Amino acid sequence: MNEVEQALRRQVEALLATGACFLLGLLSGTVILWGDSRPFTGPSSVILIVALVTGVIAAAAFSVSAIRHRSGEARPMPHWQVFVSTVSTAAVAFTLGGVSGLGVLLFGEVLEIGLQGLEVGAVGGGIFVGIAAAVAGRFAFQTGVSVSTRNLTSLLFAFLIIGTLFAMTTATDPTWWQRNFSQLGTGESAFAFNGTLMIAGALVSTIGSYIGRDLHRLLGDGQLRRIGATVLLWAFAGLALAAVGMLPIYLLPLPHAIVAFLTLGLLIASAILTATTLPDPPLALRIVTAVSVVIAVGAFVVTFVVPLISVTVLESLVVGVMLLWLTTLTRVLCILVPNVSRPSRRHQLIAARP
C-alpha cells in the first residue's frame, strides 16, 4: 500500500471514528440525562455531563487509535522500554480527556452569555454530548496515529490557554491579576485553575518522556544514562507543576509558593540539560536557549531584587519563554530525528553504561 492509499484509508478510519464517537456520545448522554430537563450551565447542569462524557470518549478514541496503529512498535522493545512507552501513551490519553473536558466547559461559559435560562432535555442534551464527543474524538483518534513531541507541545500550549481562560471566566476575585496567577485557584471555581495545573503537569512529564524517545532515536543506547537524567528532570518538573495545583494557595500558602518557584527552576534546568544533551545543537536552539535563560533570570531580578514588575508578569514571562523554547526544540527534533521506532538493545535500563 503506497502513501496516498494509506492516507486515504486513514481518512476513512477517522470518519468512522467520528461517527462512532457521535453515536456513543448521543446514547450515553441521553441515558445519563434521562428524566426532567436540566439547566444548560451551573451545578447539576447539562454542560458538566457533556464535558465528562466527552473527556472519557476522547481518551478512549486516542487509546483505540494508538493500539491499532502503533502497537507493533513495542514488540521488539525490552520490557523497560515497553513500560515507558505504555505509561507515556496512557498519560497522553488522560491529558486529551482533560483538554476535551475543559474545552467543553469553556465553550459552555461562552454559550451561557447568549443562552441564559436555557434548559435541555435528555435527547437535546444527548445531541450536545454527541457533537462534542465527535469533535474531540476525531482529534484524539488522529493524534493516536502518530504521537510526536511537536504535537504534544502544541497540545500543552492549547491546554494552558483553554484552562487559564476558563479559570479567568469563572474567577470569583476580579483583582487576581494584581497579585499572581495562583489567585485563580481560590474560591468556588478553584478546581478550574488547580485542575489545569495538575493535568498540565502530567503533560509536561509526558513531553519529557517523548523528548527522551527522540533523543534515543537520535543518539542510541550509548547516551541512555544522560537521556534518562533528562527524562527524570522533566518528570520532576511535571510533578512539581501538578503539586502547585494540589497545594492551593488559600490552604497552604507557603508550600504552594515553594513548589511554584521550584517548578520554574526545574523547567529552566530541564531546558538547559536537554539542549546540552543534543550533539552540536543547531544555532537557532542555542540562541533561543540562551535568550530564554537570560529573560527568566532577568525577570526574577526585576521582580524580587529590583521590584519593577509583579509576580503575575514574572509568571507570564517564564511560561512564555518556556513555550517558545519548547516550540523551537520540537521543531529541531522534528528535523533531526528519524521518524522510525528504535528498540533498545539494553535489556535492563539500570545496568546501562555509556
*Scan around VAL120 for amide H atoms under 5 Å from its own, H built in the peptide plane at 1.01 Å from N, and keep only partners 5 or more places away or cross-chain.*
ARG38, PHE40
*Mean-position separation - Cα centroids, segment 244-323 and segment 14-50, in angstrom*: 40 Å
*For the chain, modelled as a GNM with alpha-carbon contacts under 10 angstrom, which of ILE268, ILE49, ILE161 fluctuates the most?*
ILE161
*HN-Hα J couplings of segment 179-185 from phi, Karplus 6.51/-1.76/1.60, θ = phi - 60°, integer Hz, Gly and Pro as x?*
10, 6, 5, 4, 5, 5, x
*Mean separation of Cα contacts under 8 Å (6+ apart) over length of the chain, as relative contact order %*: 20 percent
*In sequence order, what are the phi-derived ³J(HN,Hα) couplings for segment 154-164 according to the Karplus relation 6.51 cos²θ - 1.76 cosθ + 1.60 with θ = phi - 60°, rounded to whole Hz, with x for glycine and proline?*
4, 5, 4, 4, 5, 5, 4, 5, 4, x, 5
_Contact order relative to length of segment 148-354, as percent, for alpha carbon pairs under 8 angstrom and 6 or more apart_ = 25 percent
_Which of PHE191, PHE141 has the fewest other C-beta atoms within 10 Å, and how do the rest follow up to the most?_
PHE191, PHE141
*Listed residue (ALA136, VAL337, LEU106) projecting farthest to the positive dipole end of the chain, Cβ model*: VAL337
*Determine ³J(HN,Hα), in whole Hz, for all residues of segment 218-231 in sequence, where each value follows from phi through the Karplus function 6.51 cos²θ - 1.76 cosθ + 1.60 and θ = phi - 60°; x replaces Gly and Pro.*
7, 9, x, 5, x, 10, 4, 5, 5, 5, x, 4, 5, 4
*Let me see the pair-distance distribution of segment 67-110: every alpha carbon pair, 10 Å bin width, integer percents in order.*
25, 34, 21, 15, 5
*Give me the Kirkwood hydrodynamic radius of the chain, using the inverse of the mean 1/r over all pairs of distinct Cα atoms, in Å to one decimal.*
21.8 Å
*MRE, 222 nm, helices only [DSSP H, n ≥ 4, -39500 (n - 2.57), over the chain, to nearest 500]*: -26000 deg cm²/dmol
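Just so you know, all these numbers are worked out from the coordinates, no wet-lab data involved. Bear in mind that the values here come from a model prediction, so they are computed numbers and not experimental data. Counting neighbours? That spans all protein chains shown, and the Cβs are built from the backbone with ideal geometry, glycine included.
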